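> Below is the structure I would like to discuss, written out as structure tokens.
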Amino acid sequence: MIFLRAIPFSFSILWRYAIVLPVLIIALFFFGIVAIIPVLIIMLASPFVGTLVAAACGAAAGVVPIMVGMRVGLQAKELRPRNTYLGLMLPAIGYGFLEAFCALIILVASVAAFVLTTPLTAADFEAIDRDNTNAVIGLLFQTSPILTLAVGLIGGGLIIALHAALLMPMAGAAIGADPSGRPHTPFYGFGSGLFPLFFLVLISQIGALLVIPIVAFLSIPLGIADSLAKKLERAGNLDSFNDFAIFGTEGLIFAGLCVFFYLFFFSLQCAGGVLVYMRHKDAVREANSAYAKTVEAELSDNQPTAEDIDVMALVRSRMQNKDS
């Protein structure tokens, strides 16, 4: 149900996110500039700690956009945030660093699997261009295609599962409150809605990688594919802004569609996190309502019952007293 509801709800997040996106880009740019100074100071005292701080800031820069997306989604559900946008940074650093650290562990475990189960050595990797991703992947598949595929699927699946499990806690951190209304508790709801969120994150990641092919396919019925192809041939290496300006209106349409589809796929996982959060909030509301009804029933049972009074007999008795 969450999976199906996330698709239409993602459009509610998309247009709100498009409004705050320019401000978010500027804020992240200044955050990067400001973070450089303390990182350099810490590196002078301890390069290792400075590297960890730099990694945490970089991880936070990747988590903040997701938390902002869930924040505007929760606001679409008429929930008022209890924190400011600046208050997102600390939990974003924590959750981002955790994701990056776990991804590093998975990567090390994957490398260890190849070292222990294949005849590959460091000399084999030095013999190829390690900066060429296709050459590295080709070497791995040539050595052990089954192991390469298995490690890639398992490792990628674990990273996606971890991200999906953190969406619910990040949604709470996005507005600074748990579904119960209390201040955000770290890792509250970790793993909630894992199954539907896993597929939403998977579709989001794959869709983001396929944005350009999707838009290129759509440009054919729009009638701009041939014009773009001819202008691309004349543009050359696209080294300057003037090279991009040659694409004109067709280029703006292509770029606009790319931004739209990227934000749509990005909004999918944000919508899933918001819906899981709202499910928790509804469960808390129902539990509180049931508890209130139980207390009310107990109080009514403990109240003394009034004795039955014959009103007419009481009136006749008072009339007799009055006559006498």
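The values are calculated or read from the model by the stated rules, or taken from the named source; none is laboratory data. In this text the structure is predicted, and so the values were computed from the model without any measurement. Counting neighbours? That spans all protein chains shown, and the Cβs are built from the backbone with ideal geometry, glycine included. For accessibility, only protein heavy atoms count, side chains too; no ligands or nucleic acids. Shrake-Rupley method; radii C 1.70, N 1.55, O 1.52, S 1.80 Å.
> Excluding ligands and nucleic acids, what accessible area in Å² is computed for Lys281 using a 1.4 Å probe, to the nearest 10?
40
> Could I ask something else about it? Using a simple charge model, +1 on the beta-carbon of Lys and Arg, -1 on the beta-carbon of Asp and Glu, nothing else, what dipole does region 9-163 show about its Cα centre, in debye to the nearest 20? Could the numbers behind the result be given before it?
Numbers: 6 positive and 6 negative charges, 163 e Å.
Once rounded to the nearest 20, the dipole reads 780 debye.
> Same structure, new question: Tell me the per residue accessible area of the chain using a 1.4 Å probe; a whole number in Å² is fine.
In whole numbers, the chain has 62 Å² accessible per residue.
> Let me spell out the model: positive unit charges on the Cβ of Lys and Arg, negative unit charges on the Cβ of Asp and Glu, origin at the Cα centre of the chain. What dipole size does that give, in debye rounded to 20?
600
> Turning to a different aspect of this structure: To the nearest 0.05, what FRET efficiency results for Ile7 and Leu218 with a Förster distance of 25 Å applied to their C-beta separation? List each step's numbers first, then the result.
Numbers: r = 18 Å, r/R0 = 0.74.
That pair, Ile7 with Leu218, gives E of 0.85.
> While we're looking at this one, here's another question. Nearest 10 degrees, 0 to 90: what angle lies between the long axis of helix 211-222 and the longest principal axis of the chain (Cα atoms)?
Result, in degrees: 90.
> Please label the shape of region 98-234 as rounded, prolate or oblate, based on the square roots a ≥ b ≥ c of the eigenvalues of the alpha-carbon gyration tensor (a/c under 1.5 means rounded; beyond that, a/b larger than b/c means prolate, else oblate).
Oblate shape, in that a/c is at least 1.5 and b/c is the bigger or equal ratio.
> Using Cα pairs closer than 8 Å and at least 6 residues apart in sequence, work out the relative contact order for the chain, in percent.
23
> Stretch Glu233-Ala76 to full length: gain in nm at 0.36 nm per residue minus the Cα-Cα span?
Net length gain for the segment: 52.1 nm.
> Could you give the length gained by full extension between Leu147 and Ala135, i.e. 0.36 nm per residue of separation minus their alpha carbon distance, to one decimal place? Each step should come with its number before you reach the end.
Numbers: separation 12, 0.36 × 12 = 4.32 nm, distance 1.69 nm.
In short, 2.6 nm is gained.
> Taking only Cα atoms, what is the 0 to 90° angle, nearest 10, from helix 194-209's long axis to the longest principal axis of the chain?
Compared with the principal axis, the helix lies near 30 degrees.
> Classify the chain: rounded, prolate or oblate, from the alpha-carbon gyration tensor (a ≥ b ≥ c, eigenvalue square roots; a/c under 1.5 rounded; otherwise prolate if a/b is larger than b/c)? It would help to have the intermediate numbers written out before the result.
On the way: a/c = 2.63, a/b = 2.06, b/c = 1.28.
It is prolate, given that a/c is not under 1.5 and a/b is the larger ratio.
> Just to verify a number: what accessible area does Val34 come out at with the full protein assembly present, 1.4 Å probe, Å² rounded to tens?
100
> Calculate the FRET efficiency for Leu116 and Ile41 from the Cβ-Cβ distance with a Förster distance of 51 Å, rounded to the nearest 0.05.
After rounding to 0.05, the efficiency reads 0.80.
> Follow-up. For the chain, with the dipole built from +1 on Lys and Arg beta-carbon atoms and -1 on Asp and Glu ones, taken about the Cα centre, which of Val111, Pro213, Ala6 lies farthest toward the positive end?
Highest projection toward the positive end goes to Ala6.
> Quick check: the angle from helix 225-235's long axis to the longest principal axis of the chain, C-alpha only, nearest 10 degrees?
Roughly 50 degrees between the two axes.
> Using the Cα gyration tensor of region 1-127, with a ≥ b ≥ c the square roots of its eigenvalues, what is the shape: rounded (a/c below 1.5), prolate (a/b larger than b/c) or oblate (neither)?
Oblate shape, in that a/c is at least 1.5 and b/c is the bigger or equal ratio.
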